[in-house]
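Structure, as structure tokens:
The values are calculated or read from the model by the stated rules, or taken from the named source; none is laboratory data. None of the values given here were measured: they were computed from a predicted structure. All Cβ positions, even for glycine, are placed from backbone atoms using ideal geometry, and neighbour counts span all protein chains on display. Ligands, DNA and RNA are excluded from the accessible area calculation, which covers all protein heavy atoms including side chains. Shrake-Rupley method; radii C 1.70, N 1.55, O 1.52, S 1.80 Å.
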Amino acid sequence: MESTVFNLKFTAKSLKKESARLKKQSAGDEKKVKASIKDGDVESARIHASNAIRKKNTSLDLLRLSSRVDAAVSRIDMAVKMQHVTGSMARVVSDMDRALRKNMNLDAVSQIMDKFESQSENLDLHAKYMEGSMNTTTTLSTPQTEVDSLMQRVADEAGLELSQELG
């Protein structure tokens with residue numbers, strides 16, 4: 001189980017790195033949009049804008065996937081911890097049973113109950129952590145209007161006129 005957790009953590013980290021790489025490439029493509037607009041080459045600007053948006057969206061998708069893998073790792077960790085807690089609780093119940101059968105030693109029963117309550121609190125804490133780490137994600141699409149919007153934003157930021165050749 002530990003090797004699975006390690007591999008999943010490694011995968012999540014790789015996905016985050018790839019996401020960062022694509023985000024950086026997207027920023028580079030936005031600079032190319034600006035350069036193409038300056039040169040009056042609207043078609044090249046459109047291609048670079050499309051590439052920038054595609055890379056940005058792929059970067060976001062990889063980041064979402066990384067988050068899902070992290071959530072899976074959390075679930076697996078939680079399952080392993082729950083297994084340990086369940087085993088510990090079973091031993092506590094067995095110890096309680098023995099203590100009660102022998103001679104109703106109240107000190108022993110009290111210690112066992114304290115241990116049981118402590119493990120129950122740990123179980124609740126783990127359950128709350130798991131609930132907090134789960135969420136759902138959605139995917140994005142890249143319509144032509146988004147490409148045009150990016151081109152216009154880059155042109156505006158650069159103080160350039162964009163010819164009216166946009167779709």
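Structure summary
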item: Calculated from backbone phi, Karplus (6.51, -1.76, 1.60) coupling profile of the stretch 77-89 in Hz, x at Gly/Pro; result: 4, 4, 4, 5, 5, 4, 4, 5, 5, 4, x, 5, 5
item: ARG101, ARG46, ARG21, reordered so the largest accessible area comes first (probe 1.4 Å); result: ARG101, ARG21, ARG46
item: Gain in span if fully extended, ALA90 to SER118, counting 0.36 nm per residue against the direct Cα distance; result: 8.7 nm
item: Rounded accessible area of SER74 (nearest 10 Å², 1.4 Å probe); result: 20 Å²
item: Relative contact order computed over the stretch 2-104 (Cα-Cα under 8 Å; 6+ residues apart), in percent; result: 35 percent
item: Local net charge near LEU15, Cβ-Cβ under 12 Å (Lys/Arg +1, Asp/Glu -1); result: +4
item: Computed lengthening from GLN152 to LYS24, 0.36 nm per intervening residue step minus Cα-Cα distance; result: 44.1 nm
item: Percent accessible area from carbon and sulfur atoms, the stretch 1-102, protein chains only, probe 1.4 Å; result: 56 percent
item: Efficiency of FRET from Cβ geometry, LYS13 and GLU43, R₀ 35 Å, rounded to 0.05; result: 0.35
